[in-house]
1. Just checking my list (1) -0.35; (2) -0.59; (3) -0.50 against log10 I(q)/I(0) by the Debye sum over Cα atoms at q = 0.12 Å⁻¹ computed from this structure; which label fits?
2. Calculate one ³J(HN,Hα) per residue across segment 54-64 by plugging θ = phi - 60° into the Karplus curve 6.51 cos²θ - 1.76 cosθ + 1.60, and present them in order as whole Hz with x for glycine and proline.
3. Mind checking which aspartates and glutamates have their Cα closer than 18 Å to the Cα of K50? Skip sequence neighbours fewer than 8 apart in that chain.
4. What are the ³J(HN,Hα) values, in whole Hz, obtained from phi via the Karplus relation 6.51 cos²θ - 1.76 cosθ + 1.60 with θ = phi - 60°, for each residue of segment 15-29 in sequence order, with x given for Gly and Pro?
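Each reported figure results from applying straightforward, stated rules to the coordinates on display, with no laboratory input. Please read these numbers as outputs of a predicted model, since none were measured by experiment.
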Amino acid sequence: MRKRFRRRAAIEPIIGHLKSDHRMKRNFLKGMVGDEINVLLAAAAFNFKKAMRALALLFAWIWILLLEQIVPPTDQLA
């Protein structure tokens, strides 16, 4: 029983973000198929945004490493 509550507590914030950030408050698509499409598109947008953030961090890290190779640190200039 406790595992179920923990799992639900982990998922509730994600559902809240989907509703507020990915237009899941109101469904404009018709019928049951429209509901399914709306959920899949919102989940895809959520995952895409998460992946893009991770890629941005990776590219920033690579950029910093490249700059360190090109420009020596200031303490080694003297």
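1. This structure yields the entry labelled (2).
2. Whole-Hz 3J(HN,Hα) from phi for segment 54-64: 5, 5, 4, 5, 5, 5, 5, 5, 5, 4, 5.
3. Straight-line reach from K50, under 18 Å: E12, D21.
4. 5, x, 5, 4, 5, 7, 9, 10, 6, 9, 5, 9, 9, 9, 8
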